[in-house]
1. In nanometres, what is the gap between the two model label sites at ARG75 and ALA110, each 7 Å from Cα along Cα-to-Cβ?
2. If you take the beta carbon distance between HIS66 and MET264 as r and set R0 to 56 Å, what does 1/(1 + (r/R0)^6) give as a FRET efficiency, to the nearest 0.05?
3. Can you list residues from other chains, or at least 5 along the same chain, whose modelled amide H is less than 5 Å from the amide H of GLU24?
4. Work out how much length ARG157 to GLN278 would gain on full extension: take 0.36 nm times their residue separation and subtract the Cα-Cα distance, in nm to one decimal.
5. If R0 is 30 Å, what FRET efficiency do you get for LEU247 and ARG369 from their C-beta distance, rounded to 0.05?
6. Report the extension gain between GLN121 and ALA302 in nm, rounded to one decimal, defined as 0.36 nm multiplied by the number of residues separating them, less their alpha carbon distance.
7. ASP55 versus LEU38, label points 7 Å from Cα toward the beta carbon: distance in nm?
8. Please compute the net charge surrounding SER367, taking Lys and Arg as +1 and Asp and Glu as -1 over other residues with Cβ under 13 Å from its Cβ.
Amino acid sequence: MPATHSAERTKREHLSVVLPTYNERDNILPLLKELLALAQPYELELLVVDDDSSDGTAELVRELAHHDPRVRLIRRLGRYGLASAIKEGLLAATGDLAAVMDSDGQHEPAAIIEAVNKLRQKQLDLVAGSRFLSGAVIKGLSQRRTGGSSLANRFARFSLPNSYSHLTDYMSGCLVLNLQSCLPYVYQVDVNGFKFLYELLAVSRGCLRVEEVPLIFQPRNKGNSKLDLAVLWDFLISLLHSLSLRLLPRRAISFALVGASGVMVQLITTAILMGLGQLQFEEALPAAVVTAATSNYLINNALTFRAQRLRGLNLLRGLVKFLLVASLPVLANVGLATTFYKFVAPNTLGAQMAGILVVFVWNYAASSRFVWNTP
């Protein structure tokens, strides 16, 4: 009898489920118990990848793991982000197949089973749960969020290979992967990207066999959505990164977009100081340049370098360092713009643009290294 039981176990497929968490104390245990109930057809491994939650999520999972070895906790310090957590979980998974789902109760475990069955039956590399496929039901998104997701999917379809154009939900966080075929691409996923599935499809360049199953997308059980301005910013950067054939670094794209906002700040400040302050162009320009540099620093700290975000006193120190690093190009900006204005053309827009273009590369390279300590 024991030998027969052992033989049955060897035939069971090994399924790893990756559950990224951040402050999901009220949601994680019910989800884990529901997933454990699916163990009958599979050798199950549940990997909870927690971004050092402050609400006790990790402690709850650790206690359950003490009693059930199928539950594993990966607690991350100094690292955060949904795509990063998913990638780390998939790389740690020991299953033949791996599933990814949200930990807030919006994805039903039954969708994972349907996706596994479809993947095996049709010998696919990946099956995603879709909120927009025929048969899907959306209960957990407002009309505004649904419309926003639909718009994001249209942009995503345009930026990805044609072999993925049949998909309906590139933003899905519910998916099942054949690890053998997908793992080489998982290694390449940029963890600073907007959505893991979108990034995986982008780096695979159309080589994966992908289909979808419909989701019944539930309302969030408890807690708050993690969607914020930074997530929307990531989506914009991901689109531009893909459209550049992934040749331009994501951080450089973000830095350039922030720099573009700084251009507007400088132009508007100059106009205000010359108009309301009655200053001459040469007098208004230095204050406008410093104002724009400060604006660029604060936005870059919040978005471009948010993994290394400076806070409190360090934020002020960082501003001083940023202005010192930028002081040479600031002088070049002022000097070149003034020279252009005096000797080339008395055009304030052209003069300022000439100075701004000269200093972009220096500001990006130097501030990355000396302000936010990134290569």
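Taken together, the values in this text are just the output of simple stated rules run on the coordinates, not laboratory data. As the structure is a prediction and not an experimental result, all values here were calculated from the model. Backbone-built Cβ (ideal geometry, glycine too); neighbour counts: all protein chains shown.
1. 3.6
2. 0.50
3. Amide H neighbours of GLU24, under 5 Å, 5+ apart: THR57.
4. Full extension from ARG157 to GLN278 adds 38.5 nm.
5. Taking R0 as 30 Å, the efficiency between LEU247 and ARG369 is 0.90.
6. 60.6 nm
7. About 2.2 nm, to one decimal.
8. Spelling it out: positives minus negatives among the neighbours equals +3.
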